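The block underneath contains the structure these notes are about, expressed in structure tokens.
The values are calculated or read from the model by the stated rules, or taken from the named source; none is laboratory data. What you are looking at is a predicted structure, and each value in this text was computed from that prediction instead of being measured. Cβ placement follows ideal geometry from the backbone for every residue including glycine, while neighbour counts extend to all protein chains displayed.
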Amino acid sequence: MVVVMIYPNWTIPNTSSDVANSFIFDFTKLPFRALYSSATDIYMAFYIPLLLFGITANILNIVVFTKTGARDNVTVSFIALSVSDLFYLVVISPFFTVLTIRHYVEVKLGIKFNWLIDKDVLAHPSYWYSFAFYETSILITVYISVVRCACVALPFTVKNIFTSR
């Protein structure tokens with residue numbers, strides 16, 4: 001088993017094996033490090049605005065679909081998809097917030113940010129639990145696609161097969 005370790009400051013631990021040292025490399029000295037850093041600055045700026053836009057858009061979708069009424073299976077499916085996407089964005093927001101704060105304050109400004117709670121405790125549970133809603137959104141999208149395909153394949157019997165219940 002080969003383990004590759006990344007050390008940001010090129011500090012090699014005291015090991016007697018040359019084989020272990022050959023697998024340790026410095027991530028900061030790679031040629032694409034500057035490109036990676038500038039790309040990270042660009043897409044980090046979009047995390048929080050996209051989260052806020054997604055949350056408000058899903059709330060608006062839920063309000064509009066519930067006011068039109070849940071009479072057919074398409075409306076029920078879109079309400080379920082909006083609810084699942086909304087829960088995904090709400091649950092994943094602590095992860096992206098911690099990631100953005102950590103990038104701009106600790107990495108770019110070099111200021112040591114004192115977290116009241118450990119940042120990994122804030123970020124990682126929300127990241128893993130959010131994928132339950134993400135996978136639910138995928139399943140609802142597949143269901144909507146199957147219904148649309150059935151509308152083409154069985155145009156006169158699809159209303160009896162897929163009902164709003």
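Structure notes:
- Residues of segment 41-64 that turn out to be over 30 Å from E106 (Cα atoms) and surrounded by 12 or more Cβ atoms within 10 Å (Cβ to Cβ), as a count: 6
- From the options I161, I144, I101, residue that is closer than 23 Å to L52 by Cβ and among the β-branched types (V, I, T): I101
- Residues that are modelled with pLDDT of 80 or more, assigned by TED's automatic domain parsing to the domain that holds T141, within 17 Å of the chain's Cα centre (by Cα) and part of a helix (DSSP H, G or I) do not occur anywhere in segment 20-40.
- Here S145 passes the criteria (1) surrounded by 13 or more Cβ atoms within 10 Å (Cβ to Cβ); (2) within 30 Å of T75 (Cβ to Cβ) except the one numbered (1).
- Hey, A80 modelled with pLDDT of 80 or more and out of contact with any helix residue (DSSP H, G or I) (no Cβ under 8 Å at 6 or more places or on another chain) or not: no
- Criterion (outside any loop (DSSP other than H, G, I, E, B), within 21 Å of I48 (Cα to Cα), in contact with an Asp or Glu (Cβ under 8 Å, 6 or more places away or on another chain) and in the same structural domain as L50 (by TED's automatic domain parsing)) met by exactly one of F113, F133: F133
- Restricting segment 65-86 to residues that are without any contact (Cβ under 8 Å) to a residue 60 or more places away in the chain and surrounded by 13 or more Cβ atoms within 10 Å (Cβ to Cβ) leaves a set whose member that is farthest from R148 (Cα to Cα) is L86.
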